[in-house]
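Engineer: Pasting a structure below so you can have a look.
The values are calculated or read from the model by the stated rules, or taken from the named source; none is laboratory data. Computed from a prediction, not measured in an experiment: that's the story for all the values here. Note: ideal-geometry Cβ built from the backbone for every residue, glycine included; neighbour counts use all protein chains shown.
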Amino acid sequence: MRVEIDKNSGFCFGVVNAIKIAEEALKNSSGLYCLGDIVHNGAEINRLEKMGLKTISREEYFTLKNCKVLIRAHGEPPETYEYARQNNITLIDATCPVVLKLQKRVKESYLSHKTDNGQIVILGKEGHAEVAGLNGQAGNEALIIQNSESLGKIDFNRPVTLFSQTTRPIDEFNALSQEILLRAANPSKVAIHDTICRQVANRAPKLKKFVREYNLVLFVSGKKSSNGKALFEICRQFNTNTKFVSSVEDLETAWFEGIESVGICGATSTPQWLMEEIATRVKQTSG
């Protein structure tokens, strides 16, 4: 049986960077808090917890004092930093550079709209950590949209500046951008900013090609990963024999009967070591 791992799958740069920063901090500390899951993958979180990383909620964070807290790649709103300043909390900032740049752009646009009664619109998932951080740069006044149905939040008689959560699909962003321009009373007062991370966006077309080459595809992802759910559906569209797995325990012997080739791929939150672990188990099963 041929078993191959997709070389384009696994952690994006932002997650790699955040985990590296966490590992370095844990070498020099007896413990470290992380504000939210550092990555939406249970196996990787368990590995880091054994090293001393403790995941906390936002509610828990706002009760802390005199400690160290890691900010993950998704970024945080200004109030997180302000609370740290007031309560002697050392923040270890692992915000993805792409997200950090986007936060600055949102803040600049928000301040400029103070003079023209404009609106900041963000294409993103309501409640997502990155979106919360971006909205914070706009005084929590940004309009969060997810589809054409939510465009009703926008006053099309006023100026609009559109940004996107870095991990949204490009096709979705382009379609909604065009719809906003069509509805706008004055399209010249609409500013469209494509802020989608291409490292993430380019995963989909590469996966479409990858999954066609195998009898069976194992898509490895944590169940909480939005990116994982979206990419899994894309894989299944182009290879109906695609299985969603989160660990080696999810593998079923019956899947491999009569199978000659297995492709293993994953989300931007899937660690390389986990895909390798699953590949090893599959090879043992076929042997």
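Engineer: Look through segment 115-129, keep the residues that are in a loop (DSSP other than H, G, I, E, B) and without any contact (Cβ under 8 Å) to a residue 24 or more places away in the chain, and return whichever of them is farthest from L35 (Cα to Cα).
Structural biologist: Across segment 115-129, the extreme among qualifying residues is E126.
Engineer: Tell me yes or no: at least one residue of segment 215-227 is of a type in the set (F, W, Y) and more than 21 Å from the chain's Cα centre (by Cα).
Structural biologist: Start the filter on segment 215-227 by keeping residues that are of a type in the set (F, W, Y), which leaves 219.
Now drop any that are not more than 21 Å from the chain's Cα centre (by Cα), which leaves none.
For segment 215-227, residues of a type in the set (F, W, Y) and more than 21 Å from the chain's Cα centre (by Cα): absent.
Engineer: Another question, if that's okay. It is to be established whether one or more residues within segment 110-126 are of a type in the set (D, E), within 26 Å of N41 (Cβ to Cβ) and at pLDDT below 95.
Structural biologist: yes
Engineer: Can you find, within segment 246-274, the residue that is farthest from N17 (Cα to Cα) among those that are crowded, with 21+ Cβ neighbours inside 10 Å and of a type in the set (V, I, T)?
Structural biologist: Out of the qualifying residues, it is V262.
Engineer: A further question on this structure: Within segment 15-52, can you find the residues that are over 20 Å from the mean Cα position of the chain (by Cα) and of a type in the set (A, V, I, L, M)?
Structural biologist: Passing the criteria: A25, L26, L32, M51.
Engineer: Which pairs have Cβ atoms under 7 Å, sit 6 or more apart or on different chains, and link a residue in segment 251-265 that is assigned to a helix (DSSP H, G or I) to one that is of a type in the set (S, T, Y) and surrounded by 11 or more Cβ atoms within 10 Å (Cβ to Cβ)?
Structural biologist: That search, which allows pairs on different chains as well, returns T253/T285; F256/T285; F256/S286.
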